[in-house]
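Just so you know, all these numbers are worked out from the coordinates, no wet-lab data involved. Given the structure is predicted, the values throughout are model-derived calculations rather than measurements. Please note: Cβ atoms are built from the backbone with ideal geometry, for glycine as well, and neighbour counts cover all protein chains shown.
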Ligand code: S3P
């Protein structure tokens, strides 16, 4: 497993970027955040991309980046956007390109972490429905770490333990 990317998924607010960045440091790997990479390529924020070009354009960019992971020479730690695995064949693709780990958090915990979020276009209204709709897919991912009530450093440690336990 350790010859592959370590890829994080999970609902918005589960800590993918924070945890991913810290884990990358510990593993001495480069860190790729798909949202940040899209913003860098397009030169606009996620909110602006959704508003100017529509969600489908954002999803195409996500797909491009997922596809590019196959030809990436280095093994990375990757934080995907919360919706990435729900579009195209990204879920199957990412599962083959590395160890896919879902960061879980309860809805109550997410609401606490993201009380007034303005940089996520899909969090502007009531996102309970989106959470419930996506939950079965997140829950179906074999490897996961529950982040509720835990500090980032604690989650990082659990993730590293999982990673080491899967060493082949
Ligand atoms: C999205 C999650 C966001 C970002 C975009 C859409 C989603 O990323 O990709 O706003 O569909 O769940 P984070 O999960 O990093 O917030």
Estimated [θ] at 222 nm from DSSP helical runs (n ≥ 4, -39500 (n - 2.57)) normalised by residues in the chain, nearest 500
-15000 deg cm²/dmol
When the range 1-91 is reduced to its Cα atoms, the Kirkwood hydrodynamic radius in Å:
13.5
With a point put 7 Å past each Cα toward its Cβ, work out how far residue 119 is from residue 48 in nm, to one decimal.
1.4
Starting from the alpha-carbon convex hull of the range 30-78, give the projected area averaged over all orientations, in nm².
3.2
How long are the semi-axes of the equivalent ellipsoid of the range 102-153, defined as square roots of 5 times the Cα gyration tensor eigenvalues? Whole Å, largest first.
19, 16, 9
Can you give the FRET efficiency to the nearest 0.05 for residue 108 and residue 72, using r as the Cβ-Cβ distance and R₀ = 41 Å?
0.65
Pulled fully out, how much extra length does the chain show between residue 55 and residue 146, if you take 0.36 nm times their separation in residues and subtract their Cα-Cα distance?
29.9 nm
Using Cβ counts within 10 Å as a stand-in for footprinting exposure, how do 36, 28 rank, fewest first?
28, 36
Round to a whole angstrom and tell me the spacing of the C-alpha centers of the range 6-42 and the range 119-168.
13
Residue order, fewest to most beta carbons within 10 Å, for 113, 73, 128
73, 128, 113
The Rg/Rh figure for the chain, Cα atoms and Kirkwood Rh, to two decimals is 0.94
